[in-house]
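J.: A single structure is presented below for examination.
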């Protein structure tokens, strides 16, 4: 009879380790997807419970745009508007109808969370494509994942993570294409870049840059005639989003460039800032570069930025890496170049507290370069074999102290910077005084979307620029259509004040609430019997 306790398995220790290692590497994508999903969900819950998930007023505005598509006095796709590109709001449509998904911010955060997981996977496979060893891939991934600014933004309805995900995916498939030269890989790259162009205008610059790089590589390999066809194919597919957006503006707003030159465009906002002397980087290349690098350092950490820069230099001096790979990887720097150019020409504004003002504003733009830095740090860890233990130790120590301090400049930007306007008092007033009373609130969504969100009232309670006949009628005869008016008194940049203040009907309102960023007026009781309190226009075109 065999005694099972006497049986020994003589399995070499190295073989066991290799088996485990190979198993993990084989199913690495599955494991990483699960781990990243857990981190993503945990981060959302953390910031949701802390009340920080909706700290950015832009996040509330994004959520309101999605909600107006499905609910309001004039719901429909036209509510996507022209100020912001439509992809983030279109992705909200399947869930934004639910009040919890709307007011928790989860409807918008969901796409950021998926983008976070996707970007982490892309960084891993990107490094694998660059022949970076396993430990280098993991360290590169950790640089991205263990970043509080990334974790915070992925927990919000902001658009940064979706843009990061689509842009990084586009560059990854360009990297594959330069090696395989397969049309399908080029189509995949164009698809992701097309999505980025429907998310933020940074994607438009990536499209231009990617087209140039695709042309250079094809010209080197195949000659002029083939290059012409490849560029045409790439531009047709990757540029279709831009073409549709121009067409959208033509059909809805009767001006194909309304998104650039309209009264609510970034251009109009920058003009106001310029006139007030708040665009110090305009036509100053040194300051534009300096400010953006400061934003970058605040988002990734100065030591991490230095290590990533060293990795970048070694990468481009590495003779073992083909020139075509180096050319394609230049696309990773599209966010850096775009933001510096935008600051230089006055198309963008970025405040660093203590350097360009006494507040934060748009400092989150620096987070766009985190995947790039992560990739080149991963490469550096793989490249420097002799210094690898020390380098890994330094990186892990930096990440540990960064995570333990829970310091995120994007949270500061959202809580106390110019991106945040405390409108809770005005929103609470509306909730307490207008919720259970009949009548509409006349308000400019362009100026006070955060108040609309903070009020907790249904979207059908508000008359705003997107409500068609209601807006036109209410701004001419406010006493007939609005029981409450929210606006900035004596401020002609507020469309409600600009249109209503000179109306005879406005004399029938009294000031009932004075708040830092808006005043609330209410129709006097003796005129309530003439007030329209229910929708009357039916379905508008």
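The values are calculated or read from the model by the stated rules, or taken from the named source; none is laboratory data. All values reported here derive from a predicted model rather than from experimental measurement. So basically every Cβ, Gly included, is an ideal-geometry build from the backbone, and we count neighbours across all protein chains shown.
J.: Just give me the residues in the stretch 404-422 being modelled with pLDDT of 80 or more and touching a strand residue (DSSP E or B) at 6+ places or on another chain (Cβ under 8 Å), in sequence order.
T.: Listed by number, the list holds a single entry, 413.
J.: Something else now. Which residue, of 155, 196, is in contact (Cβ under 8 Å) with a residue 40 or more places away in the chain, out of contact with any strand residue (DSSP E or B) (no Cβ under 9 Å at 6 or more places or on another chain) and crowded, with 20+ Cβ neighbours inside 10 Å?
T.: Unique residue meeting the criteria: 155.
Matching residues to (1) assigned to a loop (DSSP other than H, G, I, E, B); (2) under 17 Å from residue 329 (Cβ atoms); (3) modelled with pLDDT under 95:
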{"residue": "122", "(1), (2), (3)": "no, yes, no"}
{"residue": "137", "(1), (2), (3)": "no, yes, no"}
{"residue": "142", "(1), (2), (3)": "no, no, no"}
{"residue": "151", "(1), (2), (3)": "no, no, no"}
{"residue": "156", "(1), (2), (3)": "yes, no, no"}
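J.: Which residues, taken from the stretch 433-464, are farther than 19 Å from residue 533 by Cβ and either in a helix (DSSP H, G or I) or in contact (Cβ under 8 Å) with a residue 60 or more places away in the chain (or both)? It would help to see each step written out before you state the result.
T.: Filtering the stretch 433-464 for residues farther than 19 Å from residue 533 by Cβ gives 444-451, 453-454, 456.
If the condition is that a residue be farther than 19 Å from residue 533 by Cβ and either in a helix (DSSP H, G or I) or in contact (Cβ under 8 Å) with a residue 60 or more places away in the chain (or both), then 445, 446, 447, 448, 449, 450, 451, 453, 454, 456 are the ones that fit.
J.: To continue, here is another question. Restrict the check to the stretch 349-357 and report whether at least one residue is crowded, with 20+ Cβ neighbours inside 10 Å, assigned to a helix (DSSP H, G or I), assigned by TED's automatic domain parsing to the domain that holds residue 219 and out of contact with any strand residue (DSSP E or B) (no Cβ under 7 Å at 6 or more places or on another chain).
T.: Checking the stretch 349-357: not a single residue is crowded, with 20+ Cβ neighbours inside 10 Å, assigned to a helix (DSSP H, G or I), assigned by TED's automatic domain parsing to the domain that holds residue 219 and out of contact with any strand residue (DSSP E or B) (no Cβ under 7 Å at 6 or more places or on another chain).
J.: Where the second residue is at pLDDT 85 or above and assigned to a helix (DSSP H, G or I) and the first is outside the structural domain of residue 349 (by TED's automatic domain parsing) and lies in the stretch 250-266, which pairs have Cβ atoms under 8 Å and are six or more apart or on separate chains?
T.: none
J.: When the residues of the stretch 468-483 are narrowed to those that are in contact with a strand residue (DSSP E or B) (Cβ under 9 Å, 6 or more places away or on another chain) and part of a helix (DSSP H, G or I), which ends up farthest from residue 500 (Cα to Cα)? Steps first, answer last, please.
T.: First, the residues of the stretch 468-483 that are in contact with a strand residue (DSSP E or B) (Cβ under 9 Å, 6 or more places away or on another chain): 470-471, 473-475, 478-479, 481-483.
Those left that are additionally part of a helix (DSSP H, G or I): 470-471, 473-475, 478-479, 481.
Working: 470: 13, 471: 11, 473: 11, 474: 8, 475: 5, 478: 7, 479: 10, 481: 12 Å.
Looking at residues that are in contact with a strand residue (DSSP E or B) (Cβ under 9 Å, 6 or more places away or on another chain) and part of a helix (DSSP H, G or I), I get 470.
J.: Being at pLDDT below 95 and assigned by TED's automatic domain parsing to the domain that holds residue 85 narrows it down to one of 238, 276, 243, 210, so name that one.
T.: Details: 238 fails: at pLDDT below 95; 243 fails: at pLDDT below 95; 210 fails: at pLDDT below 95.
Only one candidate qualifies: 276.
Matching residues to (1) surrounded by fewer than 22 Cβ atoms within 10 Å (Cβ to Cβ); (2) at pLDDT below 90; (3) closer than 21 Å to residue 192 by Cα:
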residue: 332; (1), (2), (3): no, no, yes
residue: 338; (1), (2), (3): no, no, yes
residue: 371; (1), (2), (3): no, no, yes
residue: 377; (1), (2), (3): no, no, no
residue: 392; (1), (2), (3): yes, no, no
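J.: Mind listing just one residue for me: the one in the stretch 511-530 that is under 20 Å from residue 473 (Cα atoms) and out of contact with any helix residue (DSSP H, G or I) (no Cβ under 7 Å at 6 or more places or on another chain) and, of those, surrounded by the fewest Cβ atoms within 10 Å (Cβ to Cβ)?
T.: First, pick out the residues of the stretch 511-530 that are under 20 Å from residue 473 (Cα atoms): 520-524, 527-530.
Those still in the list that are out of contact with any helix residue (DSSP H, G or I) (no Cβ under 7 Å at 6 or more places or on another chain) too: 521-522, 528-529.
Working: 521: 23, 522: 19, 528: 15, 529: 6.
Here the residue is 529.
J.: Take residue 348 and decide whether it is farther than 30 Å from residue 279 by Cα and in contact (Cβ under 8 Å) with a residue 24 or more places away in the chain. Before the answer, list the steps.
T.: Values: farther than 30 Å from residue 279 by Cα: no; in contact (Cβ under 8 Å) with a residue 24 or more places away in the chain: yes.
No; evaluated as a whole, the condition is false for this residue.
J.: Would you pick out the residues in the stretch 203-221 that are farther than 11 Å from residue 234 by Cα and in contact (Cβ under 8 Å) with a residue 24 or more places away in the chain?
T.: 203, 204, 205, 206, 209, 213, 216, 217, 220, 221
J.: Another question, then. Only one of these conditions is not met by residue 356: (1) farther than 30 Å from residue 270 by Cα; (2) at pLDDT below 90. Which number is it?
T.: The number of the failed condition is (1).
J.: Hand me the list of helices (runs of 4 or more DSSP H) wholly inside the stretch 1-70 holding 2 or more residues that are at pLDDT below 90 and either in contact with a strand residue (DSSP E or B) (Cβ under 8 Å, 6 or more places away or on another chain) or not assigned by TED's automatic domain parsing to the domain that holds residue 87 (or both).
T.: Helices (runs of 4 or more DSSP H) meeting the threshold: 13-26.
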